[in-house]
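Single-structure report; data block below.
The values are calculated or read from the model by the stated rules, or taken from the named source; none is laboratory data. In this text, all values refer to a predicted model and were calculated from it rather than measured experimentally. A quick note on method: Cβ atoms are made from the backbone with ideal geometry, for glycine too, and the neighbour counts reach across all protein chains shown.
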Amino acid sequence: MTQLLNFPSRPKSSSVVPHISLVGAGPGDPDLLTLKGLKALQSANVVLYDALIDTQLLEYCPQAVHIFVGKRANNHAMPQAEINELMVAKARQHGHVVRLKGGDPFIFGRGHEEMSYARSQGIDCQYIPGISSIQAAPGSFDIPLTSRGLSDGFWVITGTKTDGSLSEDLRQALQTSATVVILMGMNKLAQIAQICQELGKGELPAAIIQNGTTAQAQMGHGQAKNLPEIAEKNQLRNPAVIVLGEVVSLATTTPKQAAAWAAV
Ligand SMILES: C[S@@+](CC[C@H](N)C(=O)[O-])C[C@H]1O[C@@H](n2cnc3c(N)ncnc32)[C@H](O)[C@@H]1O
């Protein structure tokens, strides 16, 4: 990893050229950052980072000012409009701003809103993809989203829309044989279990994966109708993804193995 730190950074210019890189930090394990993301951090003047970011990543950019804009312990999050304005103001003032976001910035991350705002203010903004928790959290327990003979595809659905409700798409998704991945659904477990039962899918294999890809990774599994009990028994909470589908039968069930994977 030390060698990676030696990538040449952008040539320094004497005049400030405001620009923003919207960087996906990956799902948790800091080694899952992309090389392009790493290079952006190395040339950053300011980094605005979210709550789910492993702060080890900030060690790649000691030259930059680091500003936390995520949810604090008191649950107070900086309003999106303030983040947008801060990002643009810092780019004008200092040059290169990295907006470091969990997973992939364009997947339930409001990344495109931030990009559109920056561009509306005349600031150049590039998207640098990240590995999403969608596939990485299940994968950290050896659950593939597709597998020949078990699942031909997958749905990714939010458990919490802007108005707080569970997406109606879940009912549609459960009528297919594809894997269903639900993000931000931990406070809707009873509702999800109920919908599964209503659609005759109560016995579908189900897993909840918390902190996937990190040394704190944990998983609970069972049947969809028992989602609240699975969470309770294994003391699972956010950040977690819920996976519904036959592919869950392929899970490696020992957290020890998954933690060893995270440490590789
Ligand atoms: C606002 S969304 C951001 C998703 C992110 N952009 C991505 O691509 O992974 C936050 C949700 O992602 C999921 N999540 C993020 N990191 C996770 C992890 N390491 N393990 C399990 N779920 C995770 C949880 O459902 C969490 O509530």
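Closer than 15 Å to I182 by Cα and either assigned to a loop (DSSP other than H, G, I, E, B) or away from the ligand (no atom under 12 Å from the Cβ) (or both), is that true of S167?
Working: closer than 15 Å to I182 by Cα: yes; either assigned to a loop (DSSP other than H, G, I, E, B) or away from the ligand (no atom under 12 Å from the Cβ) (or both): yes.
Yes: the conditions hold for S167.
Among what's in the range 160-175 and is more than 17 Å from K225 (Cα to Cα) and of a type outside the set (D, E, K, R), pick the residue that is surrounded by the most Cβ atoms within 10 Å (Cβ to Cβ).
Narrowing the range 160-175 to residues more than 17 Å from K225 (Cα to Cα): 160-165, 167-169, 172.
Checking which are of a type outside the set (D, E, K, R) leaves us with 160, 162, 164-165, 167, 172.
On the way: T160: 17, T162: 6, G164: 9, S165: 12, S167: 19, Q172: 12.
Applying the filter and picking the extreme gives S167.
Before we move on, is K71 under 21 Å from P30 (Cβ atoms), at pLDDT below 95 and among the charged types (D, E, K, R)?
It is true that K71 is under 21 Å from P30 (Cβ atoms), at pLDDT below 95 and among the charged types (D, E, K, R).
Pick out the one residue from S140, S147, S151 that is in contact with a Ser or Thr (Cβ under 6 Å, 6 or more places away or on another chain), away from the ligand (no atom under 16 Å from the Cβ) and more than 19 Å from K225 (Cα to Cα). Give the derivation first.
Working: S140 fails: away from the ligand (no atom under 16 Å from the Cβ); S147 fails: in contact with a Ser or Thr (Cβ under 6 Å, 6 or more places away or on another chain).
Unique residue meeting the criteria: S151.
Given the condition farther than 19 Å from L145 by Cα, touching a strand residue (DSSP E or B) at 6+ places or on another chain (Cβ under 6 Å) and not hydrophobic (A, V, I, L, M, F, W, C), answer yes or no: does some residue in the range 176-190 qualify? Show your work before the answer.
Filtering the range 176-190 down to residues farther than 19 Å from L145 by Cα leaves 186-190.
This time we only want the ones that are touching a strand residue (DSSP E or B) at 6+ places or on another chain (Cβ under 6 Å), so: 186.
Remaining after also requiring not hydrophobic (A, V, I, L, M, F, W, C): none.
No, that holds for no residue.
Which count do you get for residues in the range 101-134 that are more than 9 Å from the ligand (Cβ to nearest atom) and not β-branched (V, I, T)? Show your work before the answer.
The initial filter retains those residues of the range 101-134 that are more than 9 Å from the ligand (Cβ to nearest atom), namely 112-129.
In the following step, the residues that additionally are not β-branched (V, I, T) were identified as 112-122, 124-127, 129.
Counting residues in the range 101-134 that are more than 9 Å from the ligand (Cβ to nearest atom) and not β-branched (V, I, T) gives 16.
Take the residues of the range 174-209 that are out of contact with any helix residue (DSSP H, G or I) (no Cβ under 8 Å at 6 or more places or on another chain) and either within 16 Å of the ligand (Cβ to nearest atom) or in contact (Cβ under 8 Å) with a residue 60 or more places away in the chain (or both): which is nearest to T252 (Cα to Cα)?
From the range 174-209, those out of contact with any helix residue (DSSP H, G or I) (no Cβ under 8 Å at 6 or more places or on another chain) are 175-176, 178, 184, 187-188, 191, 194, 198, 200; that's our starting set.
Next cut, either within 16 Å of the ligand (Cβ to nearest atom) or in contact (Cβ under 8 Å) with a residue 60 or more places away in the chain (or both) only: 178, 184, 187-188, 191.
Values: A178: 20, M184: 23, N187: 25, K188: 25, Q191: 27 Å.
In this case the residue turns out to be A178.
Right, I157: crowded, with 19+ Cβ neighbours inside 10 Å, free of Cβ contacts under 8 Å to residues at least 60 places away in the same chain and within 13 Å of the ligand (Cβ to nearest atom) or not? Spell out how you get there, then give the answer.
Numbers: crowded, with 19+ Cβ neighbours inside 10 Å: yes; free of Cβ contacts under 8 Å to residues at least 60 places away in the same chain: yes; within 13 Å of the ligand (Cβ to nearest atom): yes.
Answer is yes for this residue.
Kindly indicate which of K39, K12 is modelled with pLDDT of 95 or more and of a type in the set (D, E, K, R).
On the way: K12 fails: modelled with pLDDT of 95 or more.
Result of the check over K39, K12: K39.
Look at A231 and say whether it is in contact with a helix residue (DSSP H, G or I) (Cβ under 8 Å, 6 or more places away or on another chain), within 16 Å of the ligand (Cβ to nearest atom) and modelled with pLDDT under 95. So that I can check it myself, show each step before the final result.
On the way: in contact with a helix residue (DSSP H, G or I) (Cβ under 8 Å, 6 or more places away or on another chain): yes; within 16 Å of the ligand (Cβ to nearest atom): yes; modelled with pLDDT under 95: no.
Answer is no for this residue.
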